[in-house]
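The values are calculated or read from the model by the stated rules, or taken from the named source; none is laboratory data. Everything numeric here is computed off the predicted structure, so don't read it as measured data. Because the Cβ atoms are built from the backbone with ideal geometry, glycine has one as well, and the counts that use them run over all protein chains shown.
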């Protein structure tokens, strides 16, 4: 079994997508279960990174080896990832600012302390 | 198994372990630093995918800027109540775990069922006469496509820049929109977090 695995190619598009799905699931679990708002935001970053991995994997495995296309088609996925990283940075800044404001109000970053809208 | 395979396996294992640590450790500071450590293997995979510029951006923006933000906020608010006191809610944890596992299984099923490597050959801009012929050949014998060879000189700053700022079909509008978004986010963050303006 190990020798069969050694012959196989591991670094494929499918395996990269599986890694990204695993990272996304871990991040989703973290977002759903953590009580600390800070760690919720951190899990969110893991999910965003998994999505970036998917885009780069598709771009790299399926588009880069085809010089017949013009450059926008071939690097489009990587440009997407640049935009996502920029938006993630903006999201982190605003999210952490909201967190600081909430902490000033309640002296806590526990999600259970922010249930005023619950009926 | 060549060098890239070994690199991919090592980085994937490292990234998964560090991500699990990030979502499971109690201390927020430890979580922040495992998250920083998680960004590096992902950047290495970007490198292996020959997205060199994105690997650098990943390290600079995520491991640099975003994590500095996180650690600064941790220092500012100094959460004295650790999560050790949190009451266990095993039902909700189980539900979340089931949700995450189901998502992963569904994605695995989708990835392994639909042959992703095969069908991009037909998407190539074939001349009009050959389109039908190649479609028929694919239906007859969907040969397992070899993994695409990624050439080393790809995804550097030059290629990304050419794609971004091409005069005719570049992404200049999107670029400007994102820059306005970042400006608004920076101003908004200051307005939100500052005590008195």
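A few points about this structure:
- Hits in the stretch B:48-67 (condition: on the phi < 0 side of the Ramachandran plot and modelled with pLDDT under 90): B:48, B:49, B:51, B:52, B:62, B:63, B:64, B:65, B:66, B:67
- Residue satisfying all of: in the stretch B:163-174; surrounded by fewer than 16 Cβ atoms within 10 Å (Cβ to Cβ) and at the interface with chain A (Cβ under 8 Å from one of its Cβ atoms); nearest to residue A:89 (Cα to Cα) among these: B:174
- Flag for residue B:102 being in a helix (DSSP H, G or I), assigned by TED's automatic domain parsing to the domain that holds residue B:18, under 30 Å from residue A:11 (Cβ atoms) and modelled with pLDDT of 55 or more: no
- Among the residues of the stretch A:81-116, the one identified as in contact with a strand residue (DSSP E or B) (Cβ under 9 Å, 6 or more places away or on another chain) and assigned to a helix (DSSP H, G or I) is A:111.
- Total residues in the stretch A:35-65 satisfying the condition of being over 14 Å from the mean Cα position of the chain (by Cα), over 18 Å from residue A:91 (Cα atoms) and more than 7 Å from chain B (Cβ to nearest Cβ): the figure is 3.
- Any chance residue B:29 is closer than 13 Å to residue A:39 by Cβ and either in a helix (DSSP H, G or I) or free of Cβ contacts under 8 Å to residues at least 12 places away in the same chain (or both): yes
- For the stretch B:80-92, the criterion of a residue being surrounded by 18 or more Cβ atoms within 10 Å (Cβ to Cβ) and at pLDDT below 90 is satisfied by no position.
- Test: residue in the stretch B:34-43 that is outside any helix (DSSP H, G or I) and either surrounded by fewer than 20 Cβ atoms within 10 Å (Cβ to Cβ) or in contact with a helix residue (DSSP H, G or I) (Cβ under 6 Å, 6 or more places away or on another chain) (or both): no
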